[in-house]
1. Using a 1.4 Å probe over the heavy atoms of the protein chains, calculate the carbon and sulfur portion of the accessible area of segment 20-113 as a whole percent.
2. Taking a quarter of the surface of the convex hull around the Cα atoms of the chain, what do you get in nm²?
3. Find the accessible area per residue for segment 125-341; the probe is 1.4 Å, ligands and nucleic acids are left out, and the unit is Å².
4. So, in nm, how far is label A71 from label E276 when the simple model puts each one 7 Å beyond its Cα toward the Cβ?
5. For the chain, build the charge dipole from Cβ charges (+1 Lys, Arg; -1 Asp, Glu) around the Cα centre, then report which of Q267, F204, F62 sits farthest towards its positive end.
6. Residue separation times 0.36 nm, minus the C-alpha to C-alpha distance between E121 and S42: what's the value?
7. Would you work out which of Q177, T294, M332 lies farthest towards the positive end of the dipole of segment 125-341, given +1 charges on the beta-carbon of Lys and Arg and -1 on that of Asp and Glu, about the Cα centre?
8. Determine the distance separating the Cα centre of segment 143-161 from the Cα centre of segment 305-343; give it in Å without decimals.
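The values are calculated or read from the model by the stated rules, or taken from the named source; none is laboratory data. The structure presented is a predicted model; accordingly, all values stated were derived computationally and were not measured. Neighbour counts run over all protein chains shown; Cβ positions are idealised from the backbone, glycine included. In case anyone asks, the SASA skips ligands and DNA or RNA and just uses the protein heavy atoms, side chains included. Shrake-Rupley method; radii C 1.70, N 1.55, O 1.52, S 1.80 Å.
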Amino acid sequence: MTTPAAHDTPHHPYAALTPDLVLDALAGVGLHGDGRLMALGSYENRVYQVTLEDGSRVVAKFYRPGRWSEAQILEEHAFALELAGAEVPVVAPLLLQGRSLHRHAGFDFAVSPWRGGRMPELDDFEVLEWLGRYLARIHNVGAARPFARRPRLDLQSFGQEPRDWLLGAQAIPMDQQSAWRDACNEALELIAANAHPSSAGVRFGLKDANTIRLHGDCHPGNVLWTPVDNAGHGGPHFVDLDDARMGPAVQDLWMLLSGERRQRTMQLAALLDGYEQLRPFDRRELALIEPLRTLRLIHYSAWLARRWSDPIFPLNFPWFGSSDYWRGQVDMLREQIEAMQEEPLAA
């Protein structure tokens, strides 16, 4: 791998994000911390749980410099606030001094209420049905209007561009480069050609799907679950709309599926049982699950390589970039090529 080693990493902007800077930023919007900060699990941004002087807690999110424009971040916030206004359980930013987005010492940041919870039990079909209903509510709001500034989930941005960047940056060891390039090209050609059948027996591709505003990164870690009390309060709430974008509805469903095909089929049936109580679902989109999984695989490798100058990445992903890593990626792409030519899941 030709990305820099951790000790060669140039000075990164986040090096300036000290605890004092975080507390000063919050004080500037009228929130005074008592000095207790806890870093929360986030690699793309820096996110902190902050205890305030009155004992309450908030979450401060400092956006990665240069990733999103102010207009794109504000679209994320507007979507979250729109969802909250529709009583969808999302964690939306607080409006402080009349704004949801603030700036301090070169960092854009937002503050949201602290919400506890754990990952949902995805082997519980009642939980999945509940999640399906809430995803339908998110999509009902998302379908009301498009994003104007935020990107679209498509073949070019999630597949072709990351492939070209990885090859151009020589991020892949020479002993695996040609094998990965060939497997990646074959996979992307299948996706471009709509070479995967839909459950209706016709070809259906990414460009055929209706696109709406999505959560965009709806994996189990971005859904927090709280126990339901005697008053019926509790259940799921959705966090981290940082990857919100335009795309097909199935993008927000497939990352909640896991296990063997039979298990995934049952999970999908439970999700859709809930979803279709509140919103129709185009079953042809099930043909997109494996193409979307393939695009995420390619995009993820490029994401890691592009973030390697951030010291937190070599620390948390020490296995990335080795020949063994890329050999594994070749194997997974080959598996995805086969999967994309199988009958899609049906529910």
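1. Details: 2080 of 4180 Å².
Looking at segment 20-113 in its full context, I get 50 percent from C and S.
2. Working: hull surface 73.1 nm².
Projected area, direction-averaged: 18.3 nm².
3. On the way: 9200 Å² over 217 residues.
Accessible surface, normalised per residue, equals 42 Å².
4. 4.0 nm
5. Result: F62, furthest along the dipole toward the positive end.
6. Working: separation 79, 0.36 × 79 = 28.44 nm, distance 2.17 nm.
Net length gain for the segment: 26.3 nm.
7. Value computed over the given set: T294.
8. Each part reduced to its Cα centre gives a spacing of 23 Å.
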